[in-house]
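Colleague: Quick one: the structure is below, and I'll ask about it shortly.
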Amino acid sequence: MVDFSGFYKLSVKERLERVRLFANLTPEDLSLLQDSGALDLSVADKLVENVIGAVHLPLGLATNFLINNKQYVVPMAIEEPSVIAAASKAAKLSLPSGFTASSDDPVMIGQIQLVNLPDPSGAVSLFESHQNEILAVASDFLKPKEKYGCKVLGVSGQLIDTIRGKMFILFFQINVGDAQGANMINGTLEAVSSKIREIFGGQIRLRILSNLAIYRKSRASAIWKRSIVGEDVIEGVMDAYAFAEADPYRCATHNKGIMNGVSSVVVATGNDWRSIEAGAHSYAAFLSTYRSLTKYWIDKNGDLVGFIELPTAVATVGPAINSSPTAKTVLKILGVKSSSELGMVLAAVGLANNFAALSALSTEGIQKGHMKLHARAVALNAGAKADEADLVAAILSKENDFSTANVHKILSRIRPQK
Ligand code: HMG
């Protein structure tokens, strides 16, 4: 593995040089990364409506990730201090084996809603006798994308009871290749609509993908050795995990900590973080009460095994990514070859962030590590300049007083008197 230890102690310029060498970045990539306003307003104006500016987030790199024996440095876009450090620390503690990860094929679900059916009780048999015809129309629509591995894999139908009466719902399963799939699925569903109306009568309402992407999950596991992390961390993480499994109030925060890592990689790679959040939390409640996305157990050697599984409907191609020059550079740094590989990285980062948070929460408390890093934001917020922030933060941590008044006192001590 290329050694990234102490990466956080380098200057931004030195870090850029290190990552340039690691990921073979071009001068254009470097200038994009250094331009914190890299999204041109004329491009922004074409992406969404009524544009008046752009919002920027810090982009950092989590280090020490070894996933299926491949080294990754993981770009994370996030405003919250200590998340990147936490992921890096947990990944370091998982070495030398690192993470084992896998992903399903990129299969998404699309749904068509039929209401006001003339004969709801006959809908299932009508569906069964026309299933192949429906599949043929949908497949025809996707033909031009077959070269990218996109394919309609199947369709099923189900009559459901709702507060507005019986509805017939068609579920399409579509391999969307390396795309996120929303446009491909919605386009296919709309293309097949007139055939569906012809077969069933009634009225077609929604034609939309489902973010509960249960066929497009990724999973990762890691072993944190007792000899490295110690007894207290292992027992502490097990207690924290048990708490989350038993209590939805705690579980929401537990899963939020996982998504700290996952969503920041999703944002950095130009992907749709709302769909990932929706998928993760709905999966956590799928078929049971709301549960932890991670699982932990102690193996026969007394080491801690962590496991995560969650839907990862992300893309490595598509208009949103192509129109964001930074996302393309981020994907280059990450070095992923497919959306499935990106899903594996997301799973590993989510597990790492969860392990780090549970270790800290169950032992020394979250404030010590988090506040040490948050102190720089506190200092800036209270009036310190960027080149004063590190010093002020160090003094705030030493004095364990993170108040605005203390920042002012420190600034008056360290600034040259006029
Ligand atoms: P530490 O013990 O000071 O770290 O931990 P260390 O000195 O042992 O360093 C180990 C490695 O961590 C380093 O390796 C770095 O990779 C990384 P090295 O490079 O030295 O070979 N590392 C850093 N990376 C970047 N910047 C840094 C840095 N320091 C260490 N400054 C740490 C310090 C903050 C990592 C630890 O206390 C920790 O993991 N705390 C947990 C923080 C956390 O989870 N934050 C998330 C925000 S809180 C939240 O919203 C989620 C929550 O609600 C979720 C939940 O409830 O479950 C808590």
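The values are calculated or read from the model by the stated rules, or taken from the named source; none is laboratory data. Just so we're clear, the structure is a prediction, and the values are computed from it rather than from any experiment. Note: ideal-geometry Cβ built from the backbone for every residue, glycine included; neighbour counts use all protein chains shown. What goes into the accessible areas is simple: the full protein's heavy atoms, side chains included, and nothing from ligands, DNA or RNA. Shrake-Rupley method; radii C 1.70, N 1.55, O 1.52, S 1.80 Å.
Colleague: Residues being within 6 Å of the ligand (Cβ to nearest atom), of a type in the set (S, T, N, Q) and crowded, with 24+ Cβ neighbours inside 10 Å: count how many of those fall in the stretch 72-99.
Modeller: 1
Colleague: Quick one: in the stretch 52-71, which of the residues that are over 19 Å from Gln34 (Cα atoms), open to solvent by less than 50 Å² (accessible area, probe 1.4 Å) and out of contact with any Leu (no Cβ under 7 Å at 6 or more places or on another chain) is farthest from the ligand (Cβ to nearest atom)?
Modeller: Ile67
Colleague: Answer yes or no: is there a residue in the stretch 391-407 that is assigned to a helix (DSSP H, G or I), over 26 Å from the mean Cα position of the chain (by Cα), aliphatic (A, V, I, L, M) and within 11 Å of the ligand (Cβ to nearest atom).
Modeller: The answer is yes; a qualifying residue exists.
Colleague: Going residue by residue through the stretch 293-308, is there one that turns out to be more than 30 Å from Lys225 (Cβ to Cβ) and polar (S, T, N, Q)?
Modeller: No.
Colleague: For the stretch 197-299, give me every one of the helices (runs of 4 or more DSSP H) that falls completely inside it and has 3 or more residues that are more than 16 Å from the ligand (Cβ to nearest atom), buried (at least 20 other Cβ atoms within 10 Å of the Cβ) and acidic (Asp, Glu).
Modeller: Result: empty, no element qualifies.
Colleague: Could you count how many residues in the stretch 378-418 are open to solvent by 100 Å² or more (accessible area, probe 1.4 Å) and either over 23 Å from Ile84 (Cα atoms) or of a type in the set (A, V, I, L, M, F, W, C) (or both)?
Modeller: Selection size over the stretch 378-418: 5.
Colleague: Let me ask you something else. Looking at the stretch 95-116, which of its residues are in contact (Cβ under 8 Å) with a residue 40 or more places away in the chain and of a type outside the set (A, V, I, L, M, F, W, C)?
Modeller: Result: Ser97, Gly98, Thr100, Ser102, Ser103, Asp104, Asp105, Pro106, Gly110, Gln111, Gln113, Asn116.
Colleague: Determine whether Ser103 is surrounded by 20 or more Cβ atoms within 10 Å (Cβ to Cβ), within 16 Å of the ligand (Cβ to nearest atom) and among the hydroxyl-bearing types (Ser, Thr, Tyr).
Modeller: No.
Colleague: Condition first: among the polar types (S, T, N, Q) and either under 22 Å from the mean Cα position of the chain (by Cα) or under 30 Å from Leu334 (Cβ atoms) (or both). Now tell me which residues in the stretch 346-390 satisfy that.
Modeller: Of everything in the stretch 346-390, those that are among the polar types (S, T, N, Q) and either under 22 Å from the mean Cα position of the chain (by Cα) or under 30 Å from Leu334 (Cβ atoms) (or both) turn out to be Asn353, Asn354, Ser359.
Colleague: Sticking with this structure for a sec: Going by what's in this entry, would Asn64 be described as of a type outside the set (Ser, Thr, Tyr) and at pLDDT 95 or above?
Modeller: Yes.
Colleague: The conditions are (1) more than 21 Å from Arg274 (Cα to Cα); (2) at pLDDT 90 or above; (3) within 16 Å of the ligand (Cβ to nearest atom), and Asn354 fails exactly one of them. Which is it?
Modeller: (1)
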